[in-house]
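To start, the structure itself, in structure tokens.
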Amino acid sequence: MGEVNIDEFFCPNEACQDYGKKGKGNIRLKEYYGKQDTALLRCKTCKKTFSENRGTPFFGLHTPKETVLRSMATD
Ligand SMILES: [Zn+2]
């Protein structure tokens, strides 16, 4: 852990209007915590905080670049 790429995260709060959307600029790094420097992230839209482990269901996997680019293009 330690270094996180904010652009890879999205809000895990299903009630949030930016839920599941990456690269919206709503996710901010709040702080690091714990032994493993887990990143605590905050959604500006719904004001919820969540850990980096919750922020991505694809944790440890790589989203194909093509998919990422496509979703960015449709925004
Ligand atoms: Zn949110």
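Tell me which residues, restricted to segment 4-19, are assigned to a loop (DSSP other than H, G, I, E, B) and either within 12 Å of the ligand (Cβ to nearest atom) or touching a His at 6+ places or on another chain (Cβ under 7 Å) (or both).
9, 10, 12, 13, 14, 15, 16, 17, 18
Report yes if some residue within segment 2-19 is at pLDDT below 95, in contact with a Gly (Cβ under 6 Å, 6 or more places away or on another chain) and among the aromatic types (Phe, Trp, Tyr); otherwise report no.
Scanning segment 2-19, I find at least one residue that is at pLDDT below 95, in contact with a Gly (Cβ under 6 Å, 6 or more places away or on another chain) and among the aromatic types (Phe, Trp, Tyr), so the answer is yes.
Within segment 21-48, which residues are touching a strand residue (DSSP E or B) at 6+ places or on another chain (Cβ under 8 Å), near the ligand (Cβ under 10 Å from one of its atoms) and free of Cβ contacts under 8 Å to residues at least 24 places away in the same chain?
26, 42, 44
Can you tell me which residues in segment 20-31 are assigned to a strand (DSSP E or B) and exposed (fewer than 15 other Cβ atoms within 10 Å of the Cβ)?
28, 29, 30, 31
What number of residues within segment 32-56 satisfy the criterion of being among the basic types (Lys, Arg) and assigned to a helix (DSSP H, G or I)?
Summing the residues that are among the basic types (Lys, Arg) and assigned to a helix (DSSP H, G or I) in segment 32-56 gives 1.
The values are calculated or read from the model by the stated rules, or taken from the named source; none is laboratory data. Values in this document were obtained by computation on a predicted structure and should not be read as measured data. Ideal geometry is used to build each Cβ from the backbone, glycine not excepted, and the neighbour counts take in all protein chains shown.
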